[in-house]
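> Got a structure for you, written out below as structure tokens; questions coming shortly.
The values are calculated or read from the model by the stated rules, or taken from the named source; none is laboratory data. Please read these numbers as outputs of a predicted model, since none were measured by experiment. Counting neighbours? That spans all protein chains shown, and the Cβs are built from the backbone with ideal geometry, glycine included. Note: accessible area is taken over every heavy atom of the protein model, side chains too, but ligands, DNA and RNA are not part of it. Shrake-Rupley method; radii C 1.70, N 1.55, O 1.52, S 1.80 Å.
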Amino acid sequence: MSNLTTSAGVAAGLIAFAVGQGAEQTALLDRAGLRAADIEDPDSRLPFATYVALMRAAQDLCSDPALALHFGEAVDLADMSIVGLIMNASATMGEAFAQMQRFGRLTLETDGLSDGPRFELAMRDGQLWMVDTRTNPDAFPELTEGAFARLACGPRRFLPEPHVLQVQFTHPAPAYRAEYDRIFQCPITFSSRWNAMQLHPGIASWRVALQPHYVFGILTQRADGLLQELEDQKTVRGRVEAVLLPSLHTGEISAAGVARALGFSRQTLFRKLKSEDAKYEQVLDALRHRTAMRYLTGARVSVNETAYLVGYSEPAAFSRAFKRWTGKSPREFQLANMAR
């Protein structure tokens, strides 16, 4: 599970919902090991373990063990992820489901996705079921709760009749069982052999199109790019960057420390990077470059703050590096970007 990630947009959505339910944002961030800057870009990635910690903290701070259900009920995926926007721009529910299968990992990666999409359709005794295929689901049943509640509640806004006919969960019935009945409004089975929702047999042809179909093409092109970036992170170089990114500002960026975090020796790390035509210093330098560009392009962070966030203790050293990267000083770049 250590390499699994979720989008920062989903984490930001959960934080906003929990704050609306009474949680204090700083306490949420602290308990999940997050900074506000970590969730500014909704398409950036966070460790899946961070999302788990965030959900548990939100449940505690809101005094609501059913918070995952309520989060799924109240917050549309389109408010947090490009995947939800694409689904809303699909012509039919069948097309929306196909796009969820195609791009679902952009929202959240979990065990069971490496061999295919998380959700699959299955026929059982003539009934159509949507099955959550992730492994070991009862280790974090909140993920099933949130996903199923969102898939049940969101389409009710526009579908002509009920689309979820019954729901089954592998985990036992919780103390807040009544909330399941209220939210799903259909028969529910706990301690089942699978996590699945029985769907109306005609659902595939039901219309969606909440957004113009022109938007669909633009969004899918963007999502394809994000999916490629996510694939790139599965390389050793990507794994090195994933370790470095949250630590840049601390200065704890030695090759030996990164190798330990990945379970390698220092020499093994160098050898694996070499097989990808990369060197550790190049990876670090390129990551600092990209991260600095993102901070300065957003125009919400000063040059000195950016220097600190990408690991330079002296602004002058950062300025020299930035000029080597771009041919401009950080201030010149920021002013030019603001003018555009």
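> Give the accessible surface of region 184-232 per residue, rounded to a whole number of Å², with probe radius 1.4 Å and ligands, DNA and RNA excluded. Please list the in-between numbers first.
Values: 2760 Å² over 49 residues.
Per residue, region 184-232 has 56 Å² of solvent-accessible surface.
> So what is the accessible area of region 237-340 per residue, in Å², with the probe set to 1.4 Å?
Each residue of region 237-340 exposes 57 Å² on average to a 1.4 Å probe.
> Of Glu145, Glu95, Glu231, which has the most accessible area with a 1.4 Å probe, and how do the rest follow in descending order?
The ordering from most to least exposed comes out as Glu231, Glu95, Glu145.
> Here is a further query. Which residue, Phe17, Tyr214, Ser265, has the largest displacement toward the positive end of the dipole of the chain when charges sit on each Cβ (Lys, Arg +1; Asp, Glu -1)?
Working it through, the farthest residue towards the positive pole turns out to be Ser265.
> Hey, rough spin-label estimate for Thr250 and Val131, points 7 angstrom out along Cα→Cβ, what's it come to in nanometres?
Modelled inter-label distance: 4.2 nm.
> With axes computed from alpha carbons, what is the tilt in degrees of helix 93-107 against the longest principal axis of the chain, rounded to the nearest 10 within 0 to 90?
Result, in degrees: 40.
> To continue, here is another question. Give me the percent of the accessible area of the chain that comes from carbon and sulfur atoms, probe 1.4 Å, all protein chains in place.
That fraction is 53 percent.
> Measure off 7 Å from each Cα along the Cα-to-Cβ vector at Arg177 and Asp41, then give the distance between these two points in nanometres to one decimal.
About 4.7 nm, to one decimal.
> Right, next: Using only the Cα atoms of region 206-317, build the gyration tensor, take square roots of its eigenvalues as a ≥ b ≥ c, and label the shape rounded, prolate or oblate: rounded if a/c is under 1.5, else prolate if a/b is larger than b/c, else oblate.
Working: a/c = 3.05, a/b = 1.47, b/c = 2.07.
Because a/c hits 1.5 or more and a/b fails to exceed b/c, region 206-317 counts as oblate.
> With an 8 Å Cα cut-off and a minimum separation of 6 or more residues, compute the relative contact order for the chain in percent.
It rounds to 14 percent for the chain.
> OK, next. Take every DSSP beta bridge with both residues inside the chain and express the antiparallel ones as a percent of the total, to the nearest 5. Could the numbers behind the result be given before it?
Values: 20 of 22 bridges.
Given both bridge residues lie in the chain, the antiparallel proportion sits at roughly 90 percent.
> Can you give me the solvent accessible area of Asp285 with a 1.4 Å probe, rounded to the nearest 10 Å²?
So the heavy atoms of Asp285 present about 40 Å² to solvent.
> What's the angle, to the nearest 10 degrees (0 to 90), between helix 8-20's Cα axis and the longest principal axis of the chain?
Once rounded, the angle reads 70 degrees.
> Let me ask another. Roughly speaking, what is the stretch gain from Gln25 to Arg271, that is 0.36 nm per residue apart minus the C-alpha to C-alpha distance, in nm to one decimal?
Full extension from Gln25 to Arg271 adds 84.3 nm.
> Work out, step by step, the length gained on full extension between Phe158 and Glu231: first 0.36 nm times the residue separation, then minus their alpha carbon distance; give nm to one decimal.
On the way: separation 73, 0.36 × 73 = 26.28 nm, distance 3.42 nm.
This chain segment gains 22.9 nm when fully extended.
> Mind ranking Ile218, Ile39 by accessible surface for me, highest first, 1.4 Å probe? If you can, show how the numbers build up before the last one.
Details: Ile218 85, Ile39 30 Å².
These residues rank, largest area first, as Ile218, Ile39.
> Also, quick follow-up: If you roll a 1.4 Å probe over the heavy atoms of the protein chains, what accessible area per residue do you get for region 46-106, in Å²?
31
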